[in-house]
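Below is one structure, written out as structure tokens; the observations come after it.
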Amino acid sequence: MNSRIGQGIDFHRLEPGLDLWLGGVKIPSERGCVAYSDGDVLLHAVCDALLGAAGLRDIGFHFPDSDPEFSRIDSKILLGRTFGLIGEKGYSVVNVDCTVCLEKPKIAAFTPEMRNVISGILKTDPENISVKATTTEKLGFTGREEGIIALAVVLITRPQ
Ligand SMILES: [Zn+2]
């Protein structure tokens, strides 16, 4: 098998009164991400990791925020289309490991649902999807609840 690793990172600004979507799940929160799409920072990081692993540039290249098609788009659609792109090159997903950095809310209760959503789109077992969360100990823009960071590492494989 030909296996390749990829990493992705994404940032969004947080503002009061917006929905917070993370890993395809709507999280009860006073603040949500400012974005052209639904602002699902976690799914965007996973998309970029998959594209990077397959050598397919990045999320901004495939889904530009200058294109009205992607205005307010559900990021689960973007992840599905990304999975289609790597599938065209013969790749399937071995595993995904993610970390979300945010001060609050606590998201541990929602990570099983996120794993189910992501694994459903990527056609793999939820056991192969890891979603972790951390604070930055009140340091920096995440600590001040001004923004959120997501990081993802993926392994993809295809027959030799
Ligand atoms: Zn994003």
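Only the coordinates and a few stated rules stand behind these numbers; no lab work does. This structure is a prediction, so every number in the text was calculated from the model and none was measured. As a convention, Cβ positions derive from the backbone with ideal geometry for all residues, glycine included, and neighbour counts pool all protein chains shown.
Could you give the distance between the Cα centres of segment 34-92 and segment 125-160, to the whole Å?
Rounded to whole Å, the Cα centres lie 16 Å apart.
Number of Lys pairs in segment 59-144 with C-alpha atoms less than 16 angstrom apart, excluding same-chain neighbours closer than eight positions? It would help to have the intermediate numbers written out before the result.
Values: Lys76/Lys123; Lys89/Lys123; Lys104/Lys132; Lys104/Lys138; Lys106/Lys132; Lys106/Lys138.
Lysine pairs satisfying the spacing and distance rule in segment 59-144 number 6.
Can you give the translational diffusion coefficient of segment 29-70 in µm²/s, computed by Stokes-Einstein from the Kirkwood radius over Cα pairs at 10 °C and 1.306 mPa s?
Here the translational diffusion coefficient equals 141 µm²/s.
About the Cα centre, and with charges only on the beta carbon of Lys, Arg (+1) and Asp, Glu (-1), how big is the dipole of segment 1-73? Nearest 20 debye, please.
It works out to roughly 220 debye.
Figure the gain on full extension for Arg72 and Glu15 (residue separation times 0.36 nm, minus the Cα-Cα span) and round it to one decimal in nm.
Details: separation 57, 0.36 × 57 = 20.52 nm, distance 1.59 nm.
Using 0.36 nm per residue and subtracting the Cα-Cα distance, I get 18.9 nm.
With only Lys, Arg, Asp and Glu charged, each at its Cβ (+1 for the first two, -1 for the last two), find how big the charge dipole of segment 12-160 is about the Cα centre; round to the nearest 20 debye.
260
I need to check one value: relative contact order of the chain, counting alpha carbon pairs closer than 8 Å and at least 6 residues apart, in percent.
That works out to 34 percent.
Distance in nm between label sites at Asp58 and Gln7, each 7 Å beyond Cα in the beta-carbon direction?
Output for this residue pair reads 1.4 nm.
Calculate, in nm to one decimal, what Gln160 and Tyr36 gain on full extension: separation in residues at 0.36 nm each, minus their alpha carbon distance.
40.8 nm
Using all C-alpha to C-alpha distances in segment 43-115, build P(r) with 5 Å bins and read off the rounded percent in each one.
3, 13, 24, 22, 18, 14, 6, 1
From the convex hull of the Cα coordinates of the chain, what is the mean projected area in square nanometres?
Averaging across all directions leaves 8.7 nm² for the Cα convex hull.
So what's the back-of-envelope 222 nm ellipticity for the chain, counting only DSSP H runs of four-plus at -39500 (n - 2.57) apiece and dividing by all residues, rounded to 500?
When only DSSP H runs of four or more count, the value is -8500 deg cm²/dmol.
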